[in-house]
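These notes concern the structure reproduced below.
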Amino acid sequence: MQGDEGLRQFRVACELGRKQPGRRFVRPAQAFYNGDVTINSTQFDANQLVSQMQAWARELGFSQIGVTGVDLSSAEPGLLAWLAQGFHGDMDYMQRHELKRARPAELVPGTVSVVSVRMDYLPQSAPQAWQAIELQRLQRPGEAVVSLYARGRDYHKVLRNRLQTLCDRIAQAIGPIGYRVFTDSAPVLEVELAQRSGLGWRGKHTLLLDREAGSMFFLGEIFLDIALPPSVPEQGHCGTCTACLDACPTRAIVAPYRLDARRCISYLTIEHAGPIPVELRPLLGNRIYGCDDCQLVCPWNKFAQRSPLTDFDPRDGLTGQQLAALFAWTEAEFLHRTAGSPIRRIGHERWLRNIAVALGNAFAAGEAVGSVLVLHSKHPSALVCEHVAWALAQNPRGAEQPVLSPPEGSR
Ligand code: SF4
Ligand code: SF4
C-alpha cells in the first residue's frame, strides 16, 4: 500500500496516531551537529543510529528504510492541482487536510525527520510466474479476483505493530523520543516521502518502484523529532515505458504520474461508498476488491520480493474462488471469514455490490449466473438491489431467458 495522489491510500486510510491519543512529542529540545545528536544529555552518532535502525528494521520484517526532512514544498503545487481537478473523488479527508499533507511539521508539530519503511508483501508461496498467473485470472469471468495485497492479514496491523517496536528500540537506545507512526495514511504524502528517502521512484502509475523490489510492497512512516542524516533520493527509471497506462482497464492513469481516483478500480471497489458509475461497471471485469493490473504489467515487478513474513500468505477462500460462492456469504459469514483481513473494512454491503458488478460482467460473458444473482435481488440495501438489477440486465439473451429463482437450498 502506497500512494499519495495514487491508490494505496484508497485501501482505507488508517492514521495510527489517532488511535493512540496519549502519544505526543515529549522531548522539547535537541542539537544536531555534524551527525551528533544530543538527547537528554546523551550524545550519539546519528549516522550510526540510522545504520542500527536499518538492522532493527530488517529483524522486524522491513526490507529497507530511508530518511528525509520535512520540506516537501516542491510537491505542493502538484497536490493542489490534483485536488483542484477533483481527482480525489469523494475522499473528502484529502481535501480537508490539503497542504498539511505536504507539511509533516504542521501535521505533527515537532517533526524534523521522516523515516520511510518498505515491507514487501508478495506471499512466500508466490510462484515464479505470478504475474502471468494473476493476469490469467482476469480472463476467467466466473472467478473472483481480490488484489494480491489483501489476500492475507490486514497490513495496517502488521506494519503498525512493527513500526511501534522499531520506535521502542530507538527510544531504548537513545532515550525518550517524540514520534508518530503512519501506514497508508490519508494525511501523509507517503510516495513523495519514500522517494525522497531513497526507497525508489514514483512510477507513471503513481506507485513507488524500486529496481530490486518492483512495487509489491507497503510503505510506512515514522515522524520523528530528532534530526537524522537524509538519504539520497532515487532517480526515475520508467524511461519510455507506458505499459501501466496502456493496461489500466478504466483509463484511470490519465497521464504519466497522474491518477484520476474516480476511475480507479481500487478506489471504486474499496473506498467509494455509493453506486459504481454504470459506464465503468463493465470495465471492472471480475475484480471485486482492488486492482493490480498496472503492477502486473510493470516490467520492474519481475524483481518483486517475497515477504519474509507469513502474514501475507493468502487465506483460504479468497483466491481462485467462484463469484457465486462469495456472493452467497451471509453477513455473519462475511464477518467471520474476513476477520483480521483488510477486506472486512468495506463491509458486507459493498462486498455484495462489488460482486454483483462482477457477476453482471460474467453474465454478459455467457456464464450462467442469473440464479445466483436472484439470491440478493430483494436485499434490504437499495445499493445492492440496484447493482443486482443491473447485473441481471447484462443477460446476453435479454428477456428471452429470465432468471427467476435462486438455486435449491441456497437461502
Ligand atoms: S490498473 Fe487498476 S489499480 Fe491501476 S490505475 Fe488502473 S484501475 Fe487503478
Ligand atoms: S509499467 Fe512502465 S511506465 Fe508504468 S510504472 Fe512500470 S516501468 Fe513505469
**OP:** Could you let me know the centre-to-centre spacing of segment 341-370 and segment 77-146, using Cα atoms, in angstrom?
**Re:** 23
**OP:** Mind listing the long-range amide H neighbours of residue 143? Cut-off is under 5 Å, sequence gap 5 or more, other chains count too, H placed in the peptide plane at 1.01 Å from N.
**Re:** 323
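Loop only per DSSP, at most 16 neighbouring Cβ atoms within 10 Å: give me the GluC sites (Glu not before Pro) in segment 258-331, ordered by residue number. Write out the running numbers ahead of the final one.
Details: sites: 271, 279, 331; in loops: 279.
Loop-located and lightly packed - 279.
Of the GluC sites (Glu not before Pro) in segment 178-270, which ones lie in a loop per DSSP and count no more than 11 other C-beta atoms within 10 Å?
Details: sites: 190, 192, 212, 221, 234; in loops: 212, 234.
Here the sparse-neighbourhood loop sites are 212.
Counting other C-beta atoms within 10 Å, which of 244, 291 has the fewest, and how do the rest follow?
Values: 244 23, 291 26.
Going from sparsest to densest Cβ surroundings: 244, 291.
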Original post:
Tally Lys and Arg at +1 and Asp and Glu at -1 over the other residues with C-beta under 10 Å from the C-beta of residue 234: what net charge comes out?
Top reply: +2
**OP:** Go through segment 65-140 and name the chymotrypsin sites (Phe, Trp or Tyr not before Pro) that are in a DSSP coil and have 15 or fewer other Cβ atoms within 10 Å of their Cβ.
**Re:** none
**OP:** Kindly flag which residue pairs out of 204/378; 100/302; 100/157 have an alpha-carbon separation exceeding 31 Å in this structure.
**Re:** 204/378; 100/302
Original post:
Which whole-Hz ³J(HN,Hα) couplings does segment 222-239 yield from phi under the Karplus relation 6.51 cos²θ - 1.76 cosθ + 1.60, θ = phi - 60°, glycine and proline marked x?
Top reply: 10, 8, 10, 9, 10, 7, 10, x, x, 7, 8, x, 8, 8, x, 9, 7, x
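None of the figures in this text is laboratory data; all of them are computed from the coordinates on show. None of these values were measured; they are calculated from a predicted model. All Cβ positions, glycine included, derive from the backbone under ideal geometry; neighbour counts span all protein chains shown.
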